[in-house]
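Since the structure comes first, as structure tokens, the remarks are kept for the end.
The values are calculated or read from the model by the stated rules, or taken from the named source; none is laboratory data. This structure is a prediction, so every number in the text was calculated from the model and none was measured. In this analysis, Cβ positions are derived from the backbone assuming ideal geometry, glycine residues included, and neighbour counts consider all displayed protein chains. Protein only, heavy atoms only, side chains kept; ligands, DNA and RNA dropped before computing areas. Shrake-Rupley method; radii C 1.70, N 1.55, O 1.52, S 1.80 Å.
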Amino acid sequence: QVQLVESGGGLVQAGGSLRLSCAASGRTFSRQAMGWFRQAPGEEREFVAAISWSGGSTIYADSVKGRFTISRDNAKNTAYLQMNSLKPEDTAVYYCAARRSLFHSSTWSDYDYWGQGTQVTVSS
């Protein structure tokens, strides 16, 4: 069983930056692809970014491309989401997810483990 714990959310002004972290338990982190998703009130869960097991391949939603960067440190069992140039429409609960596969996916149902989420609020 893998447990994921997100941190780093908060309140930031538009144009600001935040760095989310996702700490994973267990010894399988380096063999799992990781993803970040978000959900705003009244909206469906939305794909944000994902990274392969090695970090060698990443994918992004069009809405965050060029502003967000996903990365991972397998030695620390941690994935990150660096968010720059934040906009009010980025406001949501952000979830990290782990997939029992080496390869990433933008589909939330492909992920096997989920964190509890961290709130990101961007004020205008």
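With Cα atoms defining each centre, segment 94-113 and segment 1-53 are spaced 10 Å apart in the structure. In a fully extended conformation the segment linking LEU11 and THR69 would gain 19.0 nm over its present Cα-Cα distance, using 0.36 nm per residue.
Amide H to amide H distances under 5 Å link ASP112 with ALA98, ARG99, ARG100, where only residues 5 or more positions off or on other chains count and H is placed in the peptide plane. Residues considered: THR78, THR58, THR107. Largest GNM mean-square fluctuation over the chain, using C-alpha springs under 10 Å, is found at THR107.
Explain nothing, just the number: relative contact order of the chain, from Cα pairs under 8 Å at least 6 residues apart, as a whole percent.
Values: 326 pairs, mean separation 45.2, N = 124.
Relative contact order here is 36 percent.
In the full protein context, the chain carries 51 Å² of accessible surface per residue, based on a 1.4 Å probe and ignoring ligands, DNA and RNA. A run of the chain free of exposed loop cleavage sites, with GluC sites (Glu not before Pro) counted only in DSSP states other than H, G, I, E and B and at most 13 other beta carbons within 10 Å, reaches its longest extent at 45-124. Build a GNM of the chain with springs between Cα atoms under 10 Å apart, and of ALA98, ALA61, ALA24 the one that fluctuates most is ALA61.
Identify the residues of segment 56-88 with backbone N under 15 Å of a label point that sits 7 angstrom from the Cα of PHE103 along the Cα-to-Cβ direction, or state none. Once the point is set 7 Å along Cα→Cβ of PHE103, 56-59 turn out to lie under 15 Å by backbone N, inside segment 56-88. Per-atom-type breakdown for segment 1-48 gives carbon and sulfur 44% of the accessible area (1.4 Å probe, protein chains only). Each listed q (0.13, 0.17 Å⁻¹) maps to a log10 I(q)/I(0) for the chain, found by the Debye formula over equal Cα scatterers with no solvent: -0.44, -0.76. Checking every one of the trypsin sites (Lys or Arg not before Pro) in segment 56-121 against DSSP loop status and a limit of 12 other Cβ atoms within 10 Å picks out LYS65, LYS76.
Quotient of the Cα radius of gyration of segment 50-104 and 2.2 N^0.38 Å, N being its number of residues: 1.18.
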